[in-house]
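Trainee: Here it is, the structure, as structure tokens.
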Amino acid sequence: TCRSLLPAPSVDAALVAMGSLLPGPPRSIGKRLVRLYVDGESKVAVVELNDPSRMNSFSAELAEDVAEAAASIGRDPLVKAIVLQGAGPHFSVGGNPFKREKAAAPLAAAALGCQAAFDGFGALYKLGVPMVAAVHGKLIGGGV
């Protein structure tokens, strides 16, 4: 894949293509920010964003967990539909207002972070089964 992305149009694009901005090792086993339930009878998968203390805001950890849920659903060919919901009083406030960066990240790193944040949701969409969002409380989006 690196050869198909090089020569890159900019230094930032080259850094992404060469993998120098890839995140570190996966986080340790602990609290997951997405819960997955598959009803055995109806074969409906429920993907629940589960970080209510941060209003289910997007983060690298939440994105990783959504991607893992999508992979798990993809291994079950009998799943007929997906319901996406949020735990707590709000569905999601979108970007994480609780994460404070000490220094501005290079543009390529910020772009890679945005892509990673949405890859899991894209993987859910690509499963090709009907999906609905059970929205309640606050829902804020920015049209990336």
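Trainee: Does residue 66 count as modelled with pLDDT of 95 or more, touching a strand residue (DSSP E or B) at 6+ places or on another chain (Cβ under 8 Å) and closer than 25 Å to residue 137 by Cβ?
Mentor: No; evaluated as a whole, the condition is false for this residue.
Trainee: Mind listing just one residue for me: the one in region 29-64 that is touching a Phe, Trp or Tyr at 6+ places or on another chain (Cβ under 8 Å) and in a loop (DSSP other than H, G, I, E, B) and, of those, surrounded by the fewest Cβ atoms within 10 Å (Cβ to Cβ)?
Mentor: 57
Trainee: Any idea how many residues of region 65-91 are open to solvent by 30 Å² or more (accessible area, probe 1.4 Å) and either in a helix (DSSP H, G or I) or of a type in the set (Asp, Glu) (or both)?
Mentor: Summing the residues that are open to solvent by 30 Å² or more (accessible area, probe 1.4 Å) and either in a helix (DSSP H, G or I) or of a type in the set (Asp, Glu) (or both) in region 65-91 gives 6.
The values are calculated or read from the model by the stated rules, or taken from the named source; none is laboratory data. Owing to the predicted nature of the structure, the values given are computational and were not obtained by experimental measurement. With ideal geometry, Cβ positions are generated from the backbone for all residues, glycine too; neighbour counts draw on all protein chains shown. Areas reflect the complete protein model, heavy atoms only, side chains present, ligands, DNA and RNA absent. Shrake-Rupley method; radii C 1.70, N 1.55, O 1.52, S 1.80 Å.
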